Structure formats: structure tokens, C-alpha cells
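*Asks:* After the C-alpha cells below, expect a handful of questions from me.
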Amino acid sequence: MLARALDRARWTILWERLWPALASLGTVIGLFLAASWLGLWLWLPAMGRLIGLGAFFLLAAAAFAQFLMLRLPTRTDGLRRLDRNSGLPHRPATAIDDEIAAPAKDSYAVALWRAHVERALRAAKTLKAGTPMPRLALRDPMALRILVAVLVVATFVAAGGERIKRIAVAFDWQGVIVPANFRIDAWVSPPTYTGRPPLILPGLRPGEPAQMAAAVAVPAGSTLTIRATGIHLDVVASGGVAEAASTVQTVGGNATEERRFVINEAGAATVHGAASGDVGWQFTAIPDKPPTIALAKDPEGQARGALLLAYKLEDDYGVVGAQATFKLATEAPNSPAAHPLYQPPDFPLALPQARTRNGVGQTTKDLTEHPWAGVDVTMTLIARDEAGNQGQSAPFEFRLPERPFSKPMARALIEQRRILALDADAQANVLNALDALTLAPERFNMETNVYLGLRSIYWQLARAKSDDQLRDVVGRMWDMAVHLEDGSISDAEQALRSAEEALRQALERGASDEELKRLTDQLRAALDKFLQALAEQMRRNPQQLTRPLDPNARQLRPQDLRNMIDRLEQMARSGAKDAARRMLEELQSMLENLQMARPGQQMDGDDDMMSALDELGDMIRKQQQLRDRTFQQGQDQRRQRSQRGQQGQQGQQGQQGQQGQQGQQGDQMGELRENQQALRNRLKELMEQLRKRGFGQEQGQQGQGQGEMDQLGRAGEAMGEAEGQLGEGNPDGAVDSQGRALEALRRGAQNLAQSMQQQGMMGPGPNGQPGRLGPPRAQQDTDPLGRPLRGRDYGDDTTVKVPGEIDVQRARRILEELRRRFGESFRPSLELEYIERLLRDF
């Protein structure tokens with residue numbers, strides 16, 4: 001029992017003597033770690049690091065000296081601690097271990113000693129060694145050890161993944177003894193897409209003074225490369241300069257170290273310990289501005305319904321991609337949310353060059369097959385540069401061009417198709433419309449195949465349960481409408497458009513010569529089929545050949561189109577991709593404007609009637625907008641009257657505010673009245689033009705033309721009533737009158753269109769457009785493709801330059817080889833100096 005207590009006491013005494021020495025050594029080590037992780041050695045030069053490390057070594061030696069003076073506790077020290085900590089009288093632990101000093105013959109002394117020992121043994125159960133008490137507070141009254149511990153934890157977190165690296169820097173004394181043969185080179189490589197050459201920076205050689213170079217402006221994203229031979233690189237980056245990679249290569253016994261940094265923002269890079277001072281470079285980053293794109297002119301619809309976009313592009317380093325995005329125009333806030341079946345018809349835009357810095361581009365896209373054709377949309381153009389920056393144009397609201405259908409059944413199908421595609425919840429309404437179209441087919445002389453096709457679509461729509469099934473119905477409605485309008489020629493026309501689009505995409509992505517040849521052959525075949533379909537349609541309608549040709553109209557032979565495709569293929573295979581793209585755009589534009597004689601083709605004088613019908617449609621739209629504004633004005637008046645009734649007890653200041661609001665309302669009502677008067681005047685002018693064309697006069701005697709004039713007259717009377725009611729400040733009555741005017745305008749437009757169709761003014765034609773190839777020759781200075789007549793071949797286009805990518809790549813390979821040889825220190829000094837001059841002059 002005494003032995004166990006004695007062991008505990010001796011271990012306790014040993015810990016009390018050992019712990020102060022450990023605490024001193026731990027404090028020195030913790031202070032070193034905190035200074036390292038804080039980055040102290042990164043800020044100090046090589047000599048400063050050496051001095052600092054020596055100071056820490058002396059502190060550690062002083063702390064370690066306490067271990068040398070450490071004395072192990074003896075048995076006597078343990079007994080004394082037991083007697084002292086137990087608090088018992090007569091030192092029982094010492095008594096148990098002690099021996100009697102009197103002679104053993106003295107029986108009285110021995111008996112007394114035994115009694116003393118027995119009493120001490122009974123007290124041995126209560127012997128205590130106690131807990132260790134190093135008394136560090138006496139040695140460190142300021143508790144600096146706690147402060148060092150807090151610093152170690154904080155700097156450990158702050159150092160992150162550079163903990164080992166920052167500690168190792170303390171032992172890097174390079175620069176105290178500089179190598180006799182070393183060199184440091186640095187250069188900046190701008191991003192490839194900027195087209196800027198590399199920039200050689202001042203380096204360092206033995207015997208040259210170290211210095212900080214002046215700030216250099218470089219494009220953001222440039223790469224700083226620092227290469228050292230015969231010496232270790234200690235680089236500190238600050239600001240917007242971040243390290244990207246580090247490599248070490250040994251050639252001929254000499255180690256070549258290379259560090260790369262990315263310059264994102266203004267910052268600096270400094271090399272420590274390479275000489276008596278530091279060598280560094282400062283940078284300012286030139287930001288890569290986002291590209292800009294804007295419409296050069298309003299979007300235009302082509303003869304076959306394609307959309308023509310002209311746009312301006314600009315970027316500091318070049319636009320590499322652009323696209324047009326669409327969304328439906330803003331609807332009324334209280335209208336229920338629709339469930340469209342199709343995504344917006346977004347499409348990429350063609351660029352004037354592969355990397356356009358400043359130019360005007362043009363793209364023709366056929367969206368007539370997309371269900372959004374004929375819908376009011378908001379278009380935004382987006383441009384993108386190679387760095388990923390994007391710029392967009394201001395939103396532009398317009399109506400997507402649609403293919404005009406002249407046959408009533410085809411028009412009705414397209415209308416119901418659009419309704420179903422924009423809102424799948426309108427399935428029941430479309431079913432009712434399709435059912436109505438097939439009522440009493442014998443009375444409307446409906447062909448059997450048309451009736452069966454409509455009923456098939458009706459039952460397919462009735463059984464459709466998913467969006468995919470509804471989209472199948474939408475596709476069938478389009479196919480049937482196109483077949484009703486054009487017959488077999490629609491398939492050839494679609495194949496031609498697909499071939500044009502495939503070739504355009506191949507030119508944009510830089511396809512191989514084999515693929516370009518295959519696609520141009522497909523385009524030739526599609527063009528031949530299209531021309532054959534046109535010829536077949538003319539053969540089936542020989543009455544069109546009896547019409548006299550316009551002597552000023554210009555004719556185009558199929559061989560001209562084939563020659564153009566041959567030139568396009570030659571340009572693409574010779575590397576002039578930009579010229580080939582422009583040639584394809586011209587071919588596409590020519591085919592858009594090409595109009596062959598078709599049944600029911602309208603004559604030259606009927607353009608005025610089509611313009612009149614278009615103007616009437618514009619008037620209907622503006623009258624609807626004016627009615628909406630009048631209705632909103634009426635709501636505002638009722639709301640303000642309600643507020644005045646609740647605030648009837650306000651003072652003079654409130655009355656003045658009400659008078660100001662009333663004055664503002666009067667101005668708005670006056671503006672609405674002026675707009676209504678302007679619409680009424682436009683309607684009167686339109687009716688006068690129609691009367692000059694014979695509508696409502698001679699034609700009225702035969703029962704034609706009178707219906708539309710009566711309806712337009714009623715619309716004018718309703719507009720006059722609305723104008724008077726707006727002048728009296730009665731918006732509610734004006735809304736009713738404007739509604740009657742709208743209804744009369746719609747009926748008049750419908751009757752006018754029917755009258756024009758009966759008179760042969762709106763024949764099916766190619767998309768309902770005139771059948772001329774262009775304006776009179778006497779008024780033109782262009783060829784059949786709409787280009788100026790310059791008396792030169794298409795292949796002589798000198799405005800397009802083939803990009804010198806091969807030369808650029810060869811120059812970069814030469815530059816990299818020179819840098820590699822420049823970093824090989826084993827080469828003769830004369831050769832290295834020559835390579836250095838080449839790099840500076842490159």
C-alpha cells in the first residue's frame with residue numbers, strides 16, 4: 001500500500017517539474033507556427049528569415065535547457081509529499097519506511113517502536129499524493145501561453161491549404177548566398193482570342209540590380225509566366241494575380257522552374273531572395289467588355305413568310321456567337337395562365353465574320369412552320385464573346401411573319417392550329433371549331449379527301465390526352481393546310497429549305513470538304529425538284545400561260561441558280577467560308593423573292609387593294625388599343641370619384657390636388673378624342689379609295705361590294721359617337737361605341753376580303769404574293785439576286801479575307817520553341833543572347 005502511494009507521489013512530483021519546461025518549449029513552437037502561418041516569412045527577405053529563425057532557435061534552446069536541469073524525484077521526496085498532502089501527525093509515511101535507532105536489546109524501546117509503526121500502518125490507508133501543481137502562473141503571470149494558443153488556432157484557419165508551404169518558407173535562405181549563374185525571365189501571354197502578341201517583361205541576371213517594373217496594362221485573363229534557371233523561385237502574388245500552375249524540369253543537371261499566374265484584376269508579382277533586393281512586376285487588367293448588339297432596321301417578312309433580321313454587332317475582341325430569343329408579348333394581368341405546347345422559336349444568328357469586332361449581320365429564318373408564326377412576340381438579340389460575356393439588345397415587339405394562305409379552309413386550319421399550340425387548355429374550343437368546319441359538306445362542295453382529313457384530325461384531337469399527342473395533332477393540321485394550299489409543291493419547297501439550312505450550319509461550324517460537297521449536292525437535287533414541281537403546276541394550269549408577261553419584268557433561268565451553287569461550293573472548298581456564307585444568304589434571299597406564275601395570281605393593279613386590306617387590319621388593331629385605353633380611363637375616373645367621396649372633409653390643399661387630377665384627366669380625355677378623330681379620318685380616306693376602285697357603286701348593283709361599304713359606314717358612325725362622348729368626358733359610353741365600331745370594322749374587312757377573292761384579286765399564288773420576279777428593269781441596277789451589277793464573277797469577291805489562322809499557329813509554335821531553348825542554361829551564352837534578342841523583337 002505504501003509502495004503504490006509512493007509511486008503516485010513520485011510521478012506527481014515529476015510532472016510538476018517537467019510541465020514548466022514543456023510549456024516553455026510549446027510556447028516557443030506555437031509562436032513559430034503562428035508567425036509562419038501569418039505569413040511573416042513571406043514578407044521578410046532571405047536574410048530576415050535567417051535572423052528570425054535564429055532567434056526562434058535561441059528561444060527553443062533556452063526552453064530545452066530546462067530539460068537538462070530536470071532532477072528526478074527520489075524516494076525521500078515521495079515520502080515527504082505523502083506526509084505533507086495527507087495532513088496526518090507524526091509523518092506516518094516516513095515512519096513506516098524508517099528503522100529504529102535504539103539497540104534491538106532494549107525491549108522497552110522495541111515495543112514502543114512497534115506500537116508507533118502499527119499506528120502509522122493504520123493511517124496508511126489515508127495517504128494522498130495529491131494532484132500536480134506546476135505553478136505556471138508564477139512563471140507566466142501575463143498568461144502569454146494562452147495568447148499564443150489563440151494565435152495558433154486563428155492562423156491555422158487563415159493559412160488554409162498553404163500551411164506546410166508557409167512553414168517551409170522559413171527555411172528558404174536563398175539570396176544570402178546568390179548562385180553565380182542563374183537567370184529569371186518573365187512574359188505575359190494575353191488570351192488567344194484577343195489577337196495580341198506576348199509581352200516580354202524585364203528579367204534578372206547575375207550582377208544586375210533588382211528592381212520593380214512599372215505597371216503594365218494587359219487584357220484580363222492574361223497568363224504571367226515566370227521561369228527561373230539555376231535558382232529557386234520564391235514568388236508572392238498579390239491583388240488580382242492568382243497562381244495557376246507550377247512545374248520543375250531538370251535539363252543537363254540544371255533545374256528550370258516555371259510558375260504561371262492568371263491576371264484577373266490589378267495586382268503584382270514579386271520574386272524574393274533572387275538578389276540583394278526583390279524583383280517584381282505590376283499589372284493593370286484591361287476588362288473584357290461585353291459585346292453589344294442592336295437591330296440595324298426593323299424585322300422584315302419575306303415573300304414566303306421568312307423572317308429577315310439585320311443587326312449591328314460590336315465587341316472589343318470579337319463576337320463569336322449570337323442568337324435571337326423570343327417570348328410572347330405581355331398579356332393582360334388578369335388573364336388566366338396559358339399552357340403552350342411549344343417553346344419559343346429561338347435561333348442562332350449568322351455573323352459577318354467568324355470573330356466579328358464591328359459589323360452588320362443579316363439572317364433569314366423561316367419560322368412559318370412554327371406555331372408562333374403570326375403571334376405578337378417580344379424579341380431580344382443576344383451576342384456572346386469568347387470570354388463568355390453576353391450583351392443583349394433592347395426588346396422589340398412585333399408580330400412574327402406568317403405564311404399567307406389564300407384558301408379559306410387552309411386559313412381556318414392554321415388559325416385553330418395556332419390557338420391549340422398556344423394554349424393546350426383550348427382543346428374543347430378547337431374541337432368545336434373543327435366540328436363546325438365539317439358541317440353539311442355537300443352544301444359547301446367540300447371534297448371527300450378534305451372532309452375525311454378534317455374528321456380524322458377531329459377524332460385524333462378528341463382522343464389526345466398528353467402534350468405529345470396534342471403536338472402530333474398540331475403537326476397534322478399544318479400538313480393538311482399546306483397541302484390544301486400548294487398541293488405537292490409544298491414537299492419540294494420544304495426539302496429545299498432544309499437543304500439550305502443544313503449547308504448554312506455546315507459553313508458556320510467549318511465542316512470538311514467531303515461534307516460540304518455532299519450538302520451542296522443535296523441542295524442541287526432539292527432545287528431541281530422544286531423547279532420541277534413548279535413546272536408541273538404550270539402544266540396543270542395552262543391558263544396562266546395566256547397572260548401577257550410584263551415587258552419590264554426580268555426572267556431567271558434554272559441554269560443561273562445552278563451556276564450560283566457551283567460558285568458557292570468552290571468558295572467553301574477554297575477556304576473562303578465568309579464569302580460562301582454570303583453567297584448562300586443571297587441565294588436564300590433570291591429564292592424568297594422568286595415568284596412563279598400560280599393559279600389565281602393577282603395582277604399588278606391589285607397591290608393597292610392588298611395595301612387597303614392591310615391598312616384596314618392596322619386600323620382594327622389601333623381601334624382595339626384605343627378602346628382598352630378608354631376603358632382604363634373610365635376605371636380611373638370611378639376610382640377617383642370614390643376617393644373624393646371618402647375625403648370630402650379635407651381642406652383647401654386637398655381640393656387643389658383634386659383639381660390638378662381633374663385637369664390631368666381632361667388632358668387624357670382630349671388626347672383620346674384626338675386619336676379617335678384621326679382613326680375616323682383614316683377610315684373616310686380608305687372608303688374614298690375603295691369607291692374609286694368601284695366598291696359600293698357598279699359592283700353594288702350586282703350584289704358585290706355593298707356589304708363592306710355598309711359595315712365601314714356603320715364603323716364611321718360609331719367612331720363619331722365615341723368621339724363626341726370622349727369630348728363630353730363620358731368614357732363608359734365611348735367604350736360601347738368603340739365596341740360597335742370594332743365589330744363593324746371586322747365585318748367590313750371580312751366582306752372586303754371575300755369580295756376580292758371572288759373577283760380573283762386574292763388567288764392562292766405563292767403565299768398570296770404578286771407573280772413578278774422584281775420591279776421594272778428600267779428602275780433597277782441589280783441582277784436577279786438583288787445585288788449591284790458590277791460586271792464581275794461571284795468568286796471575285798475581294799471584300800472577304802481568309803483568316804490567317806495557320807500563320808498565327810505557326811508563329812506561336814516558333815515562339816514556344818524559342819522560349820524553351822532560352823530556358824536551357826547549358827547552351828552557349830552567344831546562342832542564348834541571340835535567342836533573347838529574337839524574343840524581344842518578336
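The values are calculated or read from the model by the stated rules, or taken from the named source; none is laboratory data. Everything quoted here is computed from the prediction, not taken from an experiment. All Cβ positions, glycine included, derive from the backbone under ideal geometry; neighbour counts span all protein chains shown. Calculation scope for accessible area: heavy atoms of the full protein, side chains included, ligands and nucleic acids excluded. Shrake-Rupley method; radii C 1.70, N 1.55, O 1.52, S 1.80 Å.
*Asks:* When all protein chains stay in place, what accessible area (Å², nearest 10, 1.4 Å probe) is found for Asp7?
*Replies:* Ignoring ligands and nucleic acids, Asp7 comes out at about 80 Å².
*Asks:* What accessible area per residue, rounded to a whole number of Å², is obtained for segment 421-515 using a probe radius of 1.4 Å? Numbers along the way, then the final one.
*Replies:* On the way: 4940 Å² over 95 residues.
Roughly 52 Å² per residue, with all protein chains present.
*Asks:* Sort largest first and round to whole Å: the equivalent ellipsoid semi-axes of segment 1-52, each the square root of five times a Cα gyration tensor eigenvalue. Before the final figure, lay out the partial values.
*Replies:* Details: eigenvalues 371, 16, 5 Å².
For segment 1-52, the ellipsoid semi-axes come out as 43, 9, 5 Å.
*Asks:* I've got another one for you. Need one word for segment 404-494: rounded, prolate or oblate. Basis is the Cα gyration tensor (sqrt eigenvalues a ≥ b ≥ c); a/c below 1.5 gives rounded, then a/b vs b/c decides. Each step should come with its number before you reach the end.
*Replies:* On the way: a/c = 1.78, a/b = 1.19, b/c = 1.49.
Here segment 404-494 falls in the oblate category.
*Asks:* At each listed q (0.22, 0.27, 0.35 Å⁻¹), what is the log10 of I(q)/I(0) that the Debye formula gives for segment 390-432 modelled as equal alpha-carbon point scatterers?
*Replies:* -0.82, -0.98, -1.15
*Asks:* Want the number for His339 to Lys327: 0.36 nm per residue separation, take away the alpha-carbon distance, what's left? Before the final figure, lay out each step's value.
*Replies:* Working: separation 12, 0.36 × 12 = 4.32 nm, distance 1.37 nm.
3.0 nm is the gain from fully extending His339 to Lys327.
*Asks:* Checking the a/c ratio against 1.5 first, then a/b against b/c, what shape does the Cα gyration tensor give for segment 361-517?
*Replies:* Working: a/c = 2.44, a/b = 1.73, b/c = 1.41.
Because a/c hits 1.5 or more and a/b exceeds b/c, segment 361-517 counts as prolate.
*Asks:* DSSP loop (so not H, G, I, E, B), at most 15 other Cβ within 10 Å: list which chymotrypsin sites (Phe, Trp or Tyr not before Pro) in segment 392-475 pass both filters.
*Replies:* Phe444
*Asks:* Can you sort Ser574, Ser466 by 1.4 Å-probe accessible area, starting with the largest?
*Replies:* Working: Ser574 85, Ser466 50 Å².
Ranked from most to least accessible, the order is Ser574, Ser466.
*Asks:* Of Lys517/Lys577; Lys297/Lys577; Lys407/Lys692; Lys297/Lys622; Lys297/Lys365, which sit over 20 Å apart, Cα to Cα? Working shown, then result.
*Replies:* Details: Lys517/Lys577 14 Å; Lys297/Lys577 26 Å; Lys407/Lys692 27 Å; Lys297/Lys622 23 Å; Lys297/Lys365 16 Å.
Long pairs (Cα-Cα over 20 Å): Lys297/Lys577; Lys407/Lys692; Lys297/Lys622.
*Asks:* Give me the distance in nm between label points sitting 7 Å out from Cα along the Cα-to-Cβ direction at Glu442 and Phe171, one decimal.
*Replies:* For Glu442 paired with Phe171, the spin-label model returns 10.7 nm.
*Asks:* Right, something else. Provide the solvent-accessible area of Val262, counting protein heavy atoms only and rolling a 1.4 Å probe, rounded to the nearest 10 Å².
*Replies:* In the full protein context, Val262 sits at about 40 Å².
*Asks:* How much net charge surrounds Arg621 when only the other residues with a Cβ under 14 Å from the Cβ of Arg621 are counted, with Lys and Arg +1 and Asp and Glu -1?
*Replies:* Details: positive: Arg399, Lys622, Arg627, Arg629, Arg682, Arg746; negative: Asp376, Glu397, Asp614, Glu615, Asp618, Asp628.
Here the count lands on 0.
*Asks:* Protein chains only, probe 1.4 Å: how do His339, His232 rank by accessible area, largest first? Can you show the working numbers first?
*Replies:* On the way: His339 70, His232 90 Å².
Of His339, His232, the descending order of accessible area is His232, His339.
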